[in-house]
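What follows is a single structure, written as structure tokens, with notes after it.
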Amino acid sequence: MNDPYQILGVSPGATDDDVKKAYRELAKKYHPDNYTDSPLADIASEKMKEINQAYDEIQRMRLNSKTTFDGNRAYSDESENSFAEIRRMINAGNYAQAELVLEYIAESDRGAEWNFLMGLVLTKKGWYFDARRHFETACYMDPQNAEYRAALERLKMDAGGTTGSYRTVRGDDCGICEICQALICADCLCDCCGGDLIRCC
Amino acid sequence: MKVKEYHTYRALYCGLCKCTGRCLSCSARFALSYDFVFLALLRMALTGELPEFDRGRCIAHPIKARTYAKSCGSLIFSARAGALLTYYKVLDDIADTRAFGRFACRLVLPFARRAARRAGELSSLAERIEVHLGVLSEMERRRGTSADASAEVFGRLLADVGSYGLSDKQERIAAEVLLRVGKWIYFADALDDYERDIKNGNYNPLAMAYPDDPEGGKETLLFAMHAERARAADALALIRFPDSGTQAILENILFCGLAKQEYKLSKTEKSQ
């Protein structure tokens, strides 16, 4: 394997936060969802695998060097490590397994990242109510995190589906509706005369 | 929707009512609703069965003859499924409501039971319905916070009933459409019953998930309803429709009917 730091594009002296940030940026960029319809999906998923391995490798190296003199730090890294593991499961498409592992994590350790990951798994499952709730909790716990906010926004955008976004009923406080009303009235008149102005109604 | 499609829709309702009277019992005709016309239409779309129409009078319209759809497989199926589901709904209402409501439900129960017993081949579904309802009441008893989990059970119940007896692909499409519509109905009920459930201390999935932020919860719920409806529409798009009329009515129910309901719910909740 190549130098994991090189793969993530950070120097070996980078802080844990920098490493995590770099990993998230790359993971977002090469996420399989961005390539679902692309002929390059396999290459993207290879790239994703590489990034995941590099991140895990760095986590492991840093964990080993820390455990010798700082037991507490190692403990909190461990829970972060398990989140990295869950991320890898999600990226590999093992949503059911990821959900099981997430359920297993103790209630007290369920921070912003747990809620975010749970939200991802539930989105895949099509449980949009719960997914949104978890994303909102993640954003609430960690308002600075762009990844969580992006996930929430994306869920809001995507949930409309491919056919559901048109023909929505709007409030009567917009000008467009008045135009629509006029059109519908005209369509009714045409219908009565045997013609048809708007085919769908 | 065109005027003639609206007439078809009405005629199907009349046909379903007549069919219920003939196959089940006269009392069961009172429990009918347009929901079961949706089921009948979905079955027609999937089996490729086209209804024939006739004109005639009935008890509800004794003076003026109306166009109605003649009895056919999809209508009979829908009437039977309706009787079965109504019976379980009455049972559920008895468990949930109190005092006068409960008494009224008890009065209706024998009629509902008699109709359900005549559901023919569908009677074998009774056990599956009971299993689903058992899981659902267990979830509600444990006061679970996942609204999607309980909604999914209800959706699967509808899917099991509605997709009964169809072949492979048709069954899968019907199950997906009904799962989504079922979840939508469950969410709509949660929103509709919110105030009453809070007052009576009953289980309400919305109140469980968002104990401190009812407004945010309602928004999330409406969002989820929109998502379910969109997915039902995606599944509906995979059907090879026998004619454009059936397609237009079904799409109209999903796009306009449910959307209007969502809009109404969002309005009433805000005004309170």
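Quick rundown of the values:
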quantity: Residue list for region B:211-242, filter: at the interface with chain A (Cβ under 7 Å from one of its Cβ atoms) and touching a residue at least 40 places away in the same chain (Cβ under 8 Å); calculated: B:Leu221, B:Ala224, B:Arg229, B:Arg231
quantity: Qualifying residues in region B:141-163 (those that are surrounded by fewer than 19 Cβ atoms within 10 Å (Cβ to Cβ) and part of a loop (DSSP other than H, G, I, E, B)) - the one nearest to the other protein chains (Cβ to nearest Cβ); calculated: B:Ser146
quantity: Of all residues in region B:187-205 being assigned to a helix (DSSP H, G or I) and under 16 Å from B:Arg143 (Cβ atoms), the one that is farthest from the other protein chains (Cβ to nearest Cβ); calculated: B:Asn200
quantity: Any chance A:Leu122 is open to solvent by 60 Å² or more (accessible area, probe 1.4 Å), over 18 Å from A:Asn52 (Cα atoms) and part of a helix (DSSP H, G or I); calculated: no
quantity: Long-range neighbours under 7 Å by Cβ, at least six apart or interchain, first residue more than 12 Å from chain B (Cβ to nearest Cβ) within region A:114-129, second not in a helix (DSSP H, G or I); calculated: A:Trp114/A:Ile105
quantity: Test: B:Met208 is more than 9 Å from every other protein chain (Cβ to nearest Cβ) and either assigned to a helix (DSSP H, G or I) or free of Cβ contacts under 8 Å to residues at least 24 places away in the same chain (or both); calculated: yes
quantity: Qualifying positions in region B:237-267 - acidic (Asp, Glu), assigned to a helix (DSSP H, G or I) and more than 13 Å from B:Met225 (Cα to Cα); calculated: B:Glu251
quantity: Given (1) outside any helix (DSSP H, G or I); (2) more than 14 Å from chain B (Cβ to nearest Cβ); (3) at pLDDT below 85, index of the condition A:Gly160 fails; calculated: (2)
quantity: Single condition B:Thr8 does not satisfy, out of (1) modelled with pLDDT of 80 or more; (2) more than 16 Å from B:Asn252 (Cα to Cα); calculated: (2)
quantity: Residue within region B:171-182 that is open to solvent by less than 20 Å² (accessible area, probe 1.4 Å), under 22 Å from the mean Cα position of the chain (by Cα) and away from chain A (no Cβ under 14 Å) present; calculated: yes
quantity: Residue match in region B:186-204 (condition: hydrophobic (A, V, I, L, M, F, W, C) and out of contact with any helix residue (DSSP H, G or I) (no Cβ under 7 Å at 6 or more places or on another chain)); calculated: no
quantity: Residue count for region A:91-102, restricted to those that are farther than 14 Å from A:Asp56 by Cβ and either in a helix (DSSP H, G or I) or open to solvent by less than 20 Å² (accessible area, probe 1.4 Å) (or both); calculated: 8
quantity: Candidates B:Ala81, B:Ala95, B:Ala159, filtered to the one that is closer than 30 Å to A:Trp127 by Cα and modelled with pLDDT under 80; calculated: B:Ala95
quantity: Residue within region A:137-146 that is open to solvent by less than 30 Å² (accessible area, probe 1.4 Å), assigned to a helix (DSSP H, G or I) and within 13 Å of chain B (Cβ to nearest Cβ) present; calculated: yes
quantity: Which numbered condition B:Tyr263 misses (of (1) at pLDDT below 85; (2) within 18 Å of B:Gly155 (Cβ to Cβ); (3) surrounded by fewer than 23 Cβ atoms within 10 Å (Cβ to Cβ)); calculated: (2)
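One line per residue, one yes/no per condition, for (1) open to solvent by less than 60 Å² (accessible area, probe 1.4 Å); (2) out of contact with any Asp or Glu (no Cβ under 7 Å at 6 or more places or on another chain); (3) at pLDDT 80 or above; (4) more than 24 Å from A:Leu152 (Cα to Cα):
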{"residue": "A:Asp17", "(1), (2), (3), (4)": "no, yes, yes, no"}
{"residue": "A:Leu26", "(1), (2), (3), (4)": "yes, yes, yes, no"}
{"residue": "A:Asn34", "(1), (2), (3), (4)": "no, yes, no, no"}
{"residue": "A:Ile43", "(1), (2), (3), (4)": "no, yes, no, yes"}
{"residue": "A:Glu50", "(1), (2), (3), (4)": "no, yes, yes, yes"}
{"residue": "A:Gln53", "(1), (2), (3), (4)": "no, yes, yes, yes"}
{"residue": "A:Thr67", "(1), (2), (3), (4)": "no, yes, no, yes"}
{"residue": "A:Gly71", "(1), (2), (3), (4)": "yes, yes, no, yes"}
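The values are calculated or read from the model by the stated rules, or taken from the named source; none is laboratory data. Only a predicted model underlies this, so the values are computations on that prediction, with no experimental measurement involved. So basically every Cβ, Gly included, is an ideal-geometry build from the backbone, and we count neighbours across all protein chains shown. With ligands, DNA and RNA removed, areas are computed over all heavy atoms of the protein, side chains included. Shrake-Rupley method; radii C 1.70, N 1.55, O 1.52, S 1.80 Å.
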